[in-house]
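Derivation of every value follows stated rules applied to the coordinates shown; laboratory data play no part. Worth saying up front: this structure is predicted, and the values here are computed from it rather than measured. Counting neighbours? That spans all protein chains shown, and the Cβs are built from the backbone with ideal geometry, glycine included.
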Amino acid sequence: MRLASTVVLAAAAAGMLAAAGPPEKLPYIYTHWKQFTVADGLPNDHIFAVKVDGPRVWIGTENGLAMLDKRTGKIKSWTEKDGLPWRVVTGIAVHPKTGDVWLALFGGGLARLSGGRFDHWHQLNSGLVNDVVYAVAIENDNVWAATTAGASRYNTVTGEWTIFTEKNAPMEEIWNYGVNYADGKVHLAVWGSGILEYDIATGHWKEYLDPDREMEIDLYRDDGLVHVITTGVSYIDGVMWVSTYFGASRYDGRHWRGYYNQDSGVPSDFMNNIKARSGNEAWFCTDKGLGAIMDFPTNTWVAYTRDPKKHTGIAVVSRDKQVLETVDTGLNVPHNFIISADIDGNDVWIGTSKGLAWGIGTDYYAGLKERGPVVAGGAQ
């Protein structure tokens, strides 16, 4: 009789579990953060660019260049008195072969830090089309500079310059905001001209625009780029991720997907930049926080924001617009105005208007998995 009762209770418990369904699968949340400001040695807290280079992290600020050594935590900085040609550094790229550090200078042209000294290119001594340079990228032996008057490509071997403007590229506007190179393609984010793709092998251009041509709204969902005012582009795993002032886009070569605050977990539609980790995960820098889509197939996001009154932060996990979890992360980003981001293995580096953040992903996992509750600084 006791055995029969036990079987019945076990069966009932199993039925209850079946009715409840399997546990929710959730994304990884960064709960271990470090912050860096002028108090730690940065030349300025306004961080325009961050680029990981092995144990070094290069940081472009409003008043100089900095390099943080992850092994020691020490910061070395360069300002104009140290030979930096211009004080405002808006973009950084590291040449994979030479280790040279290339700098986009906002009003100062293009610079290279090599062997401890700076070389400088500008409109008066080179083929740089404009001295207001927003971003820089390395493509084989070439360096691409995105400027407010088009894009310039410099061959570091031959010294040859090539200029791309509305005269020889499909630019409806020539204000180049971002540049990215991957898999034989250069992508330009152009303010007012969407995304331009340059095929290195063929020399041909392809343009991606908002098909409905409406500036205020997106008339037809997922029909193409959400808006032509683009600010950043990241191409990885055959997927193009795009940030704009009016939302985000993802394109896998066949299908488009648009993202907005009203139907996803991104904190704001006003986006300054984008950095993708994979075809399924991308980090968006917005004016109201850091939004990371952690699993494309399920549209699962984690949004990191700081509470300026409490000097702490939260992470909000959502699927579409449904909030699944809210976690007190303790310290996270120094400010909600996010400008730049880079991926460093399991870690992330985030540049804001009030300092730099290092998200340490000790137990990071891609996508979703069943896990327990998350606490600040704890395992998951």
- Quote to one decimal, in nm, the extra length available between Gln262 and Asp141 on full extension: 0.36 nm per residue of separation minus the C-alpha distance between them. 39.3 nm
- Note on the structure: From the Cα centre of the stretch 44-90 to that of the stretch 244-266, the distance in Å is 31 Å
- Task: Find which of Asn272, Gly99, Leu196 sits farthest along the positive direction of the dipole of the chain, computed with +1 on the beta-carbon of Lys and Arg, -1 on that of Asp and Glu, about the Cα centre.
- Result: Gly99
- In square nanometres, what is one fourth of the surface area of the convex hull spanned by the alpha carbons of the stretch 176-309? 8.1 nm²
- Given 0.36 nm per residue, what is the gain on full extension from His255 to Val375 after removing their alpha carbon distance, in nm? 39.5 nm
- Message: On alpha carbon coordinates alone, what is the Rg over Rh value for the stretch 24-370, Rh being the Kirkwood radius?
- Response: 0.95
- Once amide H atoms are built 1.01 Å from N in the peptide plane, which residues 5 or more positions from Ala276, or in another chain, come under 5 Å H to H? Trp283
- In the structure displayed, which of Lys76/Lys288; Lys34/Lys309; Lys70/Lys354; Lys70/Lys275; Lys25/Lys288; Lys76/Lys309 lie more than 23 Å apart, Cα to Cα? Lys76/Lys288; Lys25/Lys288; Lys76/Lys309
- Message: If each DSSP helix of 4+ residues adds -39,500 (n - 2.57) and the sum is divided by the residues in the chain, what number results at 222 nm, nearest 500 deg cm²/dmol?
- Response: -1500 deg cm²/dmol
- Message: Are there any trypsin sites (Lys or Arg not before Pro) in the stretch 164-249 that are in a DSSP loop and have at most 13 other Cβ atoms within 10 Å? List them by number.
- Response: Lys167, Arg213, Arg221
- Query: What order do you get for 318-330, 335-347 when each peptide is scored by the mean count of other beta carbon atoms within 10 Å, highest first?
  - Reply: 335-347, 318-330
- the stretch 24-370 - charge dipole about Cα centre, Lys and Arg +1 at Cβ, Asp and Glu -1, debye rounded to 20: 1020 debye
- Task: Quick one: what are the phi-derived ³J(HN,Hα) couplings along the stretch 58-65, Karplus 6.51/-1.76/1.60 with θ = phi - 60°, whole Hz, x for glycine and proline?
- Result: 8, 10, x, 10, 6, 9, x, 9
- Using the Cβ atoms and a cut-off under 12 Å, what net charge is assigned to the surroundings of Asp119, where Lys and Arg are +1 and Asp and Glu are -1? +1
- Note on the structure: Once Lys76 and Asp40 are pulled to full extension, the length gained, defined as 0.36 nm per residue separation minus their Cα-Cα distance, is 11.9 nm
- In nm, the gap between the two label points placed 7 Å beyond Cα toward Cβ at Asp363 and Lys167 is 6.0 nm
- Specify the angular offset, from 0 to 90 degrees and rounded to the nearest 10, of the alpha carbon long axis of helix 2-20 from the longest principal axis of the alpha carbons in the chain. 30 degrees
